[in-house]
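The values are calculated or read from the model by the stated rules, or taken from the named source; none is laboratory data. Just so it is clear, the model here is predicted, and its values are computed rather than measured. Don't worry about glycine lacking a Cβ; one is built from the backbone with ideal geometry, like all the others, and counts go over all protein chains shown.
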Amino acid sequence: MFRRTRRLALISALAATAVILSACSGTPDQEPTSAPSTPDPSATLHVGLVLEPTNLDIRHTSGAALEQILIDNIYEGLVTRTQDNEIEGRLASDYEVSSDGLTYTFTLNDGVVFHDGTPLTSADVVSSYETVRTDATVQGNADFASVTSITAPDPTTVEIVLSAPNQNFLFALTGPAGLVFKSGDTTDLKTAENGTGPFTLTRWNKGSTITFARNDAYWGEQAGVAQVEFQYIPDFTAGVNAALAGDVDVLTAVDPNLAPQLEDSGDFALTKGRTTDKATLAFNNKKAPLDDVRVREALRLAIDHEALIEAVGAGTALYGPIPELDPGYEDLSDVISYDPEKAKKLLAEAGQEDLELTLTIPSFYGTTVPKVLISDFKKVGVTLDVKSVEFPTWLEDVYTNHDYDLSFVLHVEPRDFGNFANPDYYFGYDNAKVQDLYAKALAEVDPKKSAELLAQAAKIVSEDHAADWLYNGETITAVSPIVTGFPEDSINSRINLAGVTVSAEK
């Protein structure tokens, strides 16, 4: 039986401590020019973000823009995940997983109340999760496919039973599927909320800002600021200008090419944060000539990954389908290297010395990556035509109809290795051994053994050259010296703000 316990003292300590980034490339982070003064509990934290939600209904609307600000701040689940993607309790003070991996038992923390003042009980959890299990329109419905029962033995206990072990189930509960809502609530979640988190929603000026206020009735450690104002600035240059003008205390998703302006100003510390973003060069494995492993390997050998990362301005090398923050990661740099001469030989062996291919890419990714690929491929005799399309067109042509040669997209979801175990996915990669290893990894109740199985499968995928992983994405964040405790890693998927404080002065 596996058991995890979470104490309130640990909650506040973890929330108030910024994770030190141990694996980043480029210039070391700039230190603040002076130590911050005493935190001001009445302060407002101003955060610059790029992508604004279309609505606030996280139950029925997908997208990182919602998860980024709502999970852990407004809504909470039984469990959550740290910046390192480790699972820990949230609404659950502790939880147990039976030795056969089928039964999950959660004990709720005392004193949890919804923002409308209603106490949370296990009945609310059962109602929330039954909705996920039975309603296909709710986010996370597929994650509950193996759930056979959700019960509340008493007001503080929830028991979930699966039909088969699923190593990813607990992690799924850290996302929208695991959020807990008030049973029978009639709140219009598109524009309002009724969560249990350390902040409440006070105002949404569509196209401009979303404002949270500290929840003074919060069951756990009180938030360190009175308000948080998210400013949505989709233009990267405008975001930098807003930061330099003092309009935001923190600017996320800083364009690497613009970062020196913030660094040189001396008004911000720049941090590089790890993510699970996999900059994936997809190969259509079912379409000639990409159904030939020699062609796929040649294309990978032709790419100067270090130069590409330098051109992009942020990121780390990734030679397989699992990033550092996910179970099963291992360094697969021995599988592939930059070797244009070997690439030419492989193409000659495959009879593809004058190969012409089309790269289909969503237009919002810009031209940096395509330009590098055009240049690298040209050196080995491959002509690359770039087809830049709107995202709905990419979804139709590439994702749905699999009508493409090569494609480039950031796969940001954590623990998504299963895409390579699905022959119907747009990669078109079909390997029975990989599928078997992945199935065994999901069914394995020991996390360490499961990760070992995933690592085996990932190495096969890389050795089959099923795709190329151009880089593992990093986020650059500019943080004012008056701000302490702002998260660094995984902030493109969620930003837990409870432990952030703001000083009265620089």
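Against the test of being free of Cβ contacts under 8 Å to residues at least 24 places away in the same chain, of a type outside the set (G, A, S) and touching a strand residue (DSSP E or B) at 6+ places or on another chain (Cβ under 6 Å), the options T252, T211 yield a single qualifying residue, T211.
Scanning the stretch 401-418 for residues being assigned to a helix (DSSP H, G or I) and surrounded by 20 or more Cβ atoms within 10 Å (Cβ to Cβ) gives a total of 1. Could you please let me know if L318 is crowded, with 19+ Cβ neighbours inside 10 Å and either at pLDDT below 95 or within 30 Å of E86 (Cβ to Cβ) (or both)? Yes; evaluated as a whole, the condition is true for this residue.
In this structure, D216 qualifies as of a type in the set (D, E) and outside the structural domain of A92 (by TED's automatic domain parsing). Evaluate the stretch 209-224: report whether one residue or more is modelled with pLDDT of 95 or more, hydroxyl-bearing (S, T, Y), more than 19 Å from I491 (Cα to Cα) and surrounded by 14 or more Cβ atoms within 10 Å (Cβ to Cβ). Yes; the residues of the stretch 209-224 include at least one that is modelled with pLDDT of 95 or more, hydroxyl-bearing (S, T, Y), more than 19 Å from I491 (Cα to Cα) and surrounded by 14 or more Cβ atoms within 10 Å (Cβ to Cβ). Got a number for residues in the stretch 438-470 being surrounded by 23 or more Cβ atoms within 10 Å (Cβ to Cβ) and farther than 16 Å from G320 by Cα? Here the count works out to 1. Tell me, yes or no, whether the stretch 422-439 has at least one residue that is touching a Ser or Thr at 6+ places or on another chain (Cβ under 6 Å) and at negative phi. No; the residues of the stretch 422-439 include none that is touching a Ser or Thr at 6+ places or on another chain (Cβ under 6 Å) and at negative phi.
Given the condition aromatic (F, W, Y) and at pLDDT 95 or above, answer yes or no: does some residue in the stretch 184-205 qualify? Steps first, please.
Let us first name the residues in the stretch 184-205 that are aromatic (F, W, Y), namely 199, 204.
Next, from what is left, pick out any that are at pLDDT 95 or above: 199, 204.
Yes, the stretch 184-205 contains at least one residue that is aromatic (F, W, Y) and at pLDDT 95 or above.
I'd like to know if the stretch 349-367 contains one or more residues that are at positive phi and modelled with pLDDT under 95. Yes: the stretch 349-367 contains one or more residues that are at positive phi and modelled with pLDDT under 95.
Tally up the residues in the stretch 49-92 that are assigned to a strand (DSSP E or B) and surrounded by fewer than 18 Cβ atoms within 10 Å (Cβ to Cβ), please. Even if it seems obvious, please write down each step before you answer.
Going through the stretch 49-92, the residues assigned to a strand (DSSP E or B) turn out to be 49, 71, 75, 77, 79-81, 87-89, 92.
Applying the additional criterion that residues be surrounded by fewer than 18 Cβ atoms within 10 Å (Cβ to Cβ) yields 87-88.
Total meeting the criteria: 2.
Restricting the stretch 419-450 to residues that are in a helix (DSSP H, G or I) and within 26 Å of H305 (Cα to Cα) leaves a set whose member that is nearest to the chain's Cα centre (by Cα) is N419.
For T196, are the conditions met, namely being of a type in the set (V, I, T) and buried (at least 22 other Cβ atoms within 10 Å of the Cβ)? Here the answer is yes, as T196 does meet what is asked.
Do the conditions hold for E463, that is, is it among the acidic types (D, E), in the same structural domain as N285 (by TED's automatic domain parsing) and modelled with pLDDT under 95?
In short, no.
The single condition among (1) buried (at least 16 other Cβ atoms within 10 Å of the Cβ); (2) closer than 23 Å to D116 by Cα that Q167 does not meet is (2). Just one of (1) in a loop (DSSP other than H, G, I, E, B); (2) over 16 Å from S149 (Cα atoms) fails for T107. It is (1).
In the stretch 335-347, the residues that are assigned by TED's automatic domain parsing to the domain that holds L470 form Cβ pairs under 6 Å with partners that are among the small types (G, A, S), at six or more places apart or across chains, as follows: V335/S462; P340/A302; A343/A298; A343/A302; L346/A298; L347/A298. Listed by position, the helices (runs of 4 or more DSSP H) contained in the stretch 150-266 that have at least 3 residues being within 25 Å of the chain's Cα centre (by Cα) are 169-172, 236-244. Of the candidates K278, K272, K344, K286, the single residue that is surrounded by fewer than 18 Cβ atoms within 10 Å (Cβ to Cβ) and charged (D, E, K, R) is K286.
Are there any pairs with C-beta distances below 8 angstrom linking a residue in the stretch 128-140 that is on the phi > 0 side of the Ramachandran plot to a residue that is outside any helix (DSSP H, G or I), with the two at least 6 apart or on different chains, and if so which? The qualifying pairs are G140/G175.
Scanning the stretch 367-389 for residues that are among the aliphatic types (A, V, I, L, M) and closer than 19 Å to V312 by Cβ gives V369, V372, L373, I374, L384, V386. With assigned to a strand (DSSP E or B), in contact (Cβ under 8 Å) with a residue 60 or more places away in the chain and hydrophobic (A, V, I, L, M, F, W, C) as the only criterion, which of I476, I491 stands out? The unique qualifying residue is I476.
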